[in-house]
Each structure stands twice: as C-alpha cells, then as structure tokens.
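Below is one structure, written out as structure tokens, with a few remarks after it.
Nothing in this text is a laboratory measurement; each read-out follows from the coordinates by a stated rule. On a predicted model such as this, the values are computed, not experimentally measured, just so you know. All Cβ positions, glycine included, derive from the backbone under ideal geometry; neighbour counts span all protein chains shown.
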Amino acid sequence: MIADDDAVLATFMKDDYLRIFMVCAVMEWVHKFWNLVTVEAFGHMADDNEHDRVDFNAYQELHKRISKTIHEKNLFNAKREKLDAEEDWKEDVMRAHHGMGGLPCVSLDSLTKAEFSDAIFQLVDVWCEHVDAMDLFVEFLKTVFGSISVFNREQKCFRYKAIGQIKSLHARLEDIRSVTLTQFEHDEKEREARSAKRPPASAQPLHLPCVPS
C-alpha cells in the first residue's frame, strides 16, 4: 500500500511540475507578443521595452493580425475589425483601471507590459473556452505568432508580416482546439481517478516516536 501511495504522490508532483512548466511556457509566448508590439511601435528591443506603454494604435495593429488569423477567411472585415478592436481595447483598459483600484482620477490611454499580458491571456482564455489547459494556450499563441510575424535577420528580431500576407488559420486552430480539449478531458478523468485512490489523511496511520520508559 505504501508503494501505491508513493506512486500517486509522485504523479501529483509530476502533474504540478508540468503545470508550472506550461504556465512558464505560456508567459514566454506572451512576452514574445509584447516584444513584437513594442519593436513595431517604438523600435525597442526586448532589453529596452520593460517600461513601455502601448496605445490603441499599437494595440490595433496586433489585434487585426490576430483577428485575420483566427477567423474564417470570408468573415474577416476590416471595418468590423476596427470596431471589434475598439471594443476589446475598452474592456482591456477598464480591466487595467479596475486593477488600479478604479480611481476616478486615473485615465488610462495605454497598457503596461503586465496589463498587455493580461489582455493577451484574456484573449487566449476565451478562445480556449475558459478551459484551464495550458498546453492549448501554448499551441494557440505559438500558431498565431508564427502566422503574424517573420524573423528579420538584419535586425535580429521578429517583425510583423504585412496584413495581406497573413492567412486565415481558422480550420487548423479549430483542429488543435478539438484534439487538445479531448485529450485534456481524458487527462482530467485520469487525475480524478488517481486522486480517488489516495486515502484521506484521517485514514493514514499515525507514526509516533518511541519514548523510552
């Protein structure tokens, strides 16, 4: 029984480690988007953009490229996209404002790195149907980033592709989401089964040290 308990505990530790690893991977990709936006907006490389703030124009340039990637080809419309970007911008700015305590004297017309990261995370969370599957987050970010950017060898950084070069990857992304969510549900059931096998703390024997008489 001890061997079985140890195996379950080791599995829990492995699951925790993998989750932490995947969260770090998500943030690494989010930072790649930040680096891309700031180099386009300010010409700042990764070492110089920590204190940058992006305004709506910089936000919209990214938004329309992501939108063209994730939507079906015949559903992307430049005019509607601008309205969508404005609506999402207001939501992201208001969420950032709320994070600052909602002070009435604070007028936010730009996003910090942390606020931008939160905006990207919210986008991915909605696309992933609010399922806590970090590997799906990574696959989405990696696929979209590859769609909207290209590595510039002279500048040694990623730059935007022209909007006309960006193709819809809607079908591919839907396949990724379907396969990953199916696997996620399967893994969750396995984790629940392993958890059920572990005896509750009250059922575990209490080992007291021997006290000499």
Using 0.36 nm per residue of separation minus the Cα-Cα distance, give me the extension gain between Leu83 and Ala171 in nm, one decimal. 29.3 nm
Least to most buried among Phe33, Phe116, Phe151, Phe76 (fewest other Cβ within 10 Å first): Phe151, Phe76, Phe33, Phe116
How many angstrom lie between the Cα centre of region 30-78 and the Cα centre of region 141-185? 13 Å
Proximal lysines relative to Lys113, as straight alpha-carbon distance under 28 Å, when same-chain residues fewer than 8 apart are discounted: Lys32, Lys64, Lys68, Lys79, Lys82, Lys90, Lys142, Lys156, Lys161, Lys167
Simple spin-label estimate for Lys73/Arg159, 7 Å along Cα→Cβ, in nm, reads 2.7 nm
Gain on full stretching of the segment that runs from Asp132 to Met94 - 0.36 nm per residue minus C-alpha separation: 11.3 nm
Say each of Glu50 and Ala114 gets a label point 7 Å from the Cα, pointing the same way as Cα to Cβ; how far apart are those two points in nm? 1.4 nm
